[in-house]
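The values are calculated or read from the model by the stated rules, or taken from the named source; none is laboratory data. No experiment lies behind these values; they were computed from the predicted model shown. Here the Cβ is made from the backbone with ideal geometry for all residues, glycine too, and neighbour counts use every protein chain on show. Areas reflect the complete protein model, heavy atoms only, side chains present, ligands, DNA and RNA absent. Shrake-Rupley method; radii C 1.70, N 1.55, O 1.52, S 1.80 Å.
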Amino acid sequence: MSAWLLPDHIADVLPSEARHIERLRRELLDTAQGYGCELVIPPLIEHLDSLLTGAGEALGLQTFKLVDQLSGRSLGLRADTTPQVARIDAHLLGRQAVTRLCYCGPVLHTRPERAHATREPLQFGAEIYGHAGREADLEVLLLALDCLRAARVGALTVDLADARIARALLAGVAVDAQALNAVHAALAAKDASELARLTRHFPAASRDGLQALIHLYGGAEVLDEAGKALARIPGVAQALSSLRWLADRLEGARVGFDLADSRGWGYYTGLRFAVYAEGAGDAVLRGGRYDGVGAVFGHKLDRERPAVGFSLDVKQLARVAPSAPPRAAIRAPWSDAPGLQAAVAALRGQGETVICALPGRDGASDEFHCDRELVEAAAGQWAVRAVSLQS
């Protein structure tokens with residue numbers, strides 16, 4: 001095997017793509033900062049028992065594991081940053097007030113999440129802790145949309161759902177975890193025959209309600225249909241009311257509903273959403289409410305903190321977001337001429353990119369457009385002039 005070959009679904013990021021990804025990273029973080037989000041940088045590696053505390057089985061299977069040569073303890077390379085941010089909120093910050101946090105860093109997956117996906121996503125996310133109301137849900141949704149608009153992606157479509165609906169239908173149903181997983185998988189796949197088989201012994205109200213969910217996707221009319229079909233199920237009316245309230249306040253994006261989408265059912269406690277961009281085959285951003293995620297990290301204080309947030313892979317986003325043109329630069333000769341180095345330093349101090357042509361080289365770069373050049377206007381005096389079309 002050639003020494004330069006990388007593992008499957010792992011790739012180098014070359015200059016043009018790296019520039020594009022870095023621009024997006026900065027724009028996303030700046031957008032989050034505009035909402036008052038504080039940046040945190042959790043470690044890439046942690047003790048495994050801490051990293052997977054409160055995490056579901058899926059996250060454990062996605063986590064690379066190794067042994068610490070210093071302590072002999074098992075370590076894990078994070079597969080998702082959200083549990084770490086919950087730990088920071090609960091154990092390190094310990095605030096009672098509302099806290100807005102954001103992050104951006106690599107995560108590692110043992111397997112790609114979908115075909116052609118990387119196993120090393122660059123995960124960006126933003127989260128609000130400390131407010132259980134739908135106002136925080138709305139703020140997170142608006143921030144998510146503003147982040148995608150900052151990335152200048154195509155037309156946006158928001159799919160809304162609520163984990164409380166399926167939970168209300170399953171409340172009181174005696175079923176083991178394996179069967180419950182199968183039910184949610186059938187719901188997500190909208191497999192009516194499989195769902196009928198799995199729920200054949202369920203109480204009639206639960207069985208009929210779950211079957212109804214499969215057909216409850218589409219526009220605003222879905223909420224009216226759900227209100228009629230699930231009218232007798234406690235808690236459903238409140239969830240539908242919240243979805244309607246949120247949808248009415250989302251401008252500049254098409255809003256749809258998929259009440260059967262129960263992916264992450266064991267994690268989400270309320271609102272769930274996915275955002276799709278024109279030209280992207282899959283959602284470019286997912287999020288929702290996951291109250292109590294930091295409770296397992298509590299220390300002295302009650303840390304059953306409500307939480308809502310979202311995350312995305314900046315690398316995936318870069319595939320659908322338009323890239324910016326190469327940065328304008330100034331071409332300079334390499335010389336010991338008096339004043340040249342001072343002129344170059346002054347220009348760089350002003351934020352300009354100055355590329356010096358090393359002896360025998362032209363200084364060209366694919367990532368910079370040298371539209372100007374530094375020339376000696378008089379003895380020891382250097383000036384910037386536009387590059388002629390012929391040069």
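Here the chain carries DSSP beta bridges of which approximately 75% are antiparallel, counting only pairs with both residues inside.
Normalised by the number of residues in the chain, the average gap of Cα pairs under 8 Å and 6 or more apart makes the relative contact order 18 percent.
If both residues of a DSSP beta bridge must be in the stretch 310-391, then about 40% of such bridges are antiparallel. The distance between label points at Ala115 and Trp334 comes to 4.9 nm (points 7 Å beyond Cα on the Cα→Cβ vector).
Put simply, the amide H of Ala357, placed in the peptide plane, has neighbours under 5 Å in Ala332, Trp334, leaving out anything fewer than 5 places away on its chain.
The stretch between Ala204 and Asp224 holds 5.0 nm of extra length on full extension. This uses 0.36 nm per residue minus the Cα-Cα distance.
Accessible surface area normalised per residue over the chain is 51 Å², counting heavy atoms of protein chains with a 1.4 Å rolling probe. Overall, the accessible surface of the chain at a probe of 1.4 angstrom is composed of carbon and sulfur to the extent of 54 percent. Rounded, prolate or oblate: which fits the stretch 1-145, taking a ≥ b ≥ c as square roots of the Cα gyration tensor eigenvalues, rounded meaning a/c under 1.5, else prolate when a/b beats b/c? It is oblate, given that a/c is not under 1.5 and a/b is not larger than b/c. Using a Förster distance of 35 angstrom, determine the FRET efficiency expected from the C-beta separation of Leu5 and Arg95, and round it to 0.05. After rounding, the FRET efficiency stands at 0.15. For the stretch 58-109, trypsin sites (Lys or Arg not before Pro) meeting the loop criterion (DSSP other than H, G, I, E, B) and having at most 16 other Cβ atoms within 10 Å: Arg73, Arg95. Ordered from largest to smallest accessible area (heavy atoms of protein chains, 1.4 Å probe), the residues His109, His369, His47 come out as His369, His47, His109. A simple rule links phi to the HN-Hα coupling: the Karplus curve 6.51 cos²θ - 1.76 cosθ + 1.60 with θ = phi - 60°, which for the stretch 76-87 gives x, 8, 4, 9, 7, 8, 4, x, 5, 5, 4, 5 Hz, with x for Gly and Pro.
By the rule of a second cysteine Cβ within less than 4.7 angstrom, the chain holds isolated cysteines at Cys104, Cys147, Cys356, Cys370. Of the residues Phe310, Ala150, Ala280, the one whose Cα sits farthest towards the positive end of the charge dipole of the chain is Phe310 (charges of +1 on Lys and Arg Cβ, -1 on Asp and Glu Cβ, taken about the Cα centre). How big is the stretch 200-325 by the Kirkwood estimate over distinct Cα pairs, in Å? When all Cα pairs of the stretch 200-325 are included, the Kirkwood radius is 17.1 Å. Projecting the Cα atoms of Leu39, Ala346, Gln84 onto the charge dipole of the chain, computed from C-beta unit charges around the Cα centre, puts Gln84 farthest toward the positive end.
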